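Student: Dumping the structure here so I can ask a few things about it.
The values are calculated or read from the model by the stated rules, or taken from the named source; none is laboratory data. Keep in mind that what you see is a predicted model, and the values were worked out from it rather than measured. Every residue, glycine among them, receives a Cβ derived from its backbone with ideal geometry; neighbour counts consider all protein chains shown.
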Amino acid sequence: MSLYFDNNKLFDAEGHLTDEGLYAIKDGTLDDLGALEAAEHLSFCDYCLLRYTAMIDAAPDCICLLYTSDAADE
C-alpha cells in the first residue's frame, strides 16, 4: 500500500481537480508527478484555484497556529 494519493483520481471527467485531489495537495500526499500536474492545473484553472483557496481559508485556526508556532520555535 502506497502512502501517496492515486494520481488517477486527481482529475474528474471534466478535467478539474477532484475534491480528494485538492485534499491530497493540502495534505502533501501527492507524489512528484501528481504535485507537478496539480500545480500546473492550479496555475490556469480559476475554478479549481478558488475551490482550493476556499478549502485553505476554511482550515481551523488551530492548524494555522500549529504551523506558526513551529516556525517561531526555530
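Student: Within segment 28-36, is even one residue at pLDDT 95 or above and in contact with a strand residue (DSSP E or B) (Cβ under 8 Å, 6 or more places away or on another chain)?
Tutor: There is no residue in segment 28-36 that is at pLDDT 95 or above and in contact with a strand residue (DSSP E or B) (Cβ under 8 Å, 6 or more places away or on another chain).
Student: If I filter segment 53-72 down to residues being modelled with pLDDT of 70 or more and part of a helix (DSSP H, G or I), which single residue comes out as farthest from Thr18 (Cα to Cα)?
Tutor: Among them, the one singled out is Asp57.
Student: Report, ordered by the first and then the second residue, all pairs with beta carbons closer than 7 Å, sequence separation of six or more or different chains, a first member in segment 16-31 that is of a type in the set (D, E, K, R), and a second member that is part of a loop (DSSP other than H, G, I, E, B).
Tutor: Asp31/Tyr4
Student: I've got another one for you. In segment 1-31, which residue that is loosely packed, with under 12 Cβ neighbours inside 10 Å and part of a loop (DSSP other than H, G, I, E, B) is farthest from the chain's Cα centre (by Cα)?
Tutor: That would be Met1.
Student: Show the residue pairs meeting these rules: Cβ distance below 6 Å; 6+ apart or different chains; first residue within segment 40-52 and at pLDDT 95 or above; second residue among the aromatic types (Phe, Trp, Tyr).
Tutor: Close Cβ pairs satisfying both conditions: none exist.
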